[in-house]
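The values are calculated or read from the model by the stated rules, or taken from the named source; none is laboratory data. In this text, all values refer to a predicted model and were calculated from it rather than measured experimentally. Note: ideal-geometry Cβ built from the backbone for every residue, glycine included; neighbour counts use all protein chains shown.
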Amino acid sequence: MNDQNVTVAVVATQVTPRIKPSNYPEPFASRMAGREKRTLGDLFGLSNFGVNLTRLLPGACSALRHAHSKQDEFIYILHGHPVLLTDAGETQLSPGMCAGFKAGTGDGHHLVNRTSEEVSYLEVGDRSTGDSAVYPDDDLQAALVEGKWQFAHKDGSPY
């Protein structure tokens, strides 16, 4: 049986970008300027994992440097040369390279586009219930509650 409202296949670059550029509270949300996400997993109704086609303009970053407690993450570089920052330092990436981030390690990570060209990559993460995230460089922590991220200062007070 085939529901006619089910999306079967799309051209990923033609999917409308996410309207809200960031879930972070200010002053962090504005730091995500130049990042554009196309939520491909949501388009197909995927519930066990998410997939985003993400584009970073020159000077933009993928997220605040963060580490998840329960969510594994994976990235695959399609275009451009971002820098991956982790607790181990900086790694220059190029098209065809990938990286994975195991949950629970506490190793904060994010990508930064320090070039004059756009970067595009696929990011994949599971949708583990009870996930939380720490942000080693910022006064921020997050908890996934009923499918929505709730943000607080490191002392626990809400934003």
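Side notes on the structure shown:
- Arg18 meets the stated requirement of being at pLDDT below 95, charged (D, E, K, R) and touching a strand residue (DSSP E or B) at 6+ places or on another chain (Cβ under 6 Å).
- Some residue of segment 112-126 being over 18 Å from Glu36 (Cβ atoms) and modelled with pLDDT under 95: yes
- The condition of being in contact with a Ser or Thr (Cβ under 6 Å, 6 or more places away or on another chain) and either of a type outside the set (Lys, Arg) or modelled with pLDDT under 95 (or both) holds for only one of His68, His109, that being His109.
- In segment 89-103, the residues that are surrounded by 10 or more Cβ atoms within 10 Å (Cβ to Cβ) form Cβ pairs under 6 Å with partners that are not in a strand (DSSP E or B), at six or more places apart or across chains, as follows: Leu93/Pro82; Ser94/His81; Lys102/Asp72; Ala103/Lys70; Ala103/Gln71; Ala103/Asp72.
- For the residues Val112, Val145, the requirement of being more than 14 Å from Phe74 (Cβ to Cβ), surrounded by fewer than 18 Cβ atoms within 10 Å (Cβ to Cβ) and under 14 Å from the mean Cα position of the chain (by Cα) singles out Val112.
- Across segment 35-57, a minimum of one residue is classified as under 13 Å from His110 (Cα atoms) and not aliphatic (A, V, I, L, M).
- Residues of segment 42-54 classified as over 11 Å from the mean Cα position of the chain (by Cα) and in contact (Cβ under 8 Å) with a residue 12 or more places away in the chain, total: 6
- Condition met for Leu78 (out of contact with any helix residue (DSSP H, G or I) (no Cβ under 8 Å at 6 or more places or on another chain) and touching a residue at least 40 places away in the same chain (Cβ under 8 Å)): yes
- Residue, farthest from Val51 (Cα to Cα), within segment 127-142, restricted to residues that are modelled with pLDDT under 95 and surrounded by 13 or more Cβ atoms within 10 Å (Cβ to Cβ): Ser128
- Residue satisfying condition, being among the small types (Gly, Ala, Ser), closer than 30 Å to Asp139 by Cβ and over 16 Å from the mean Cα position of the chain (by Cα), within set Ala88, Ala67, Ala33, Ala63: Ala88
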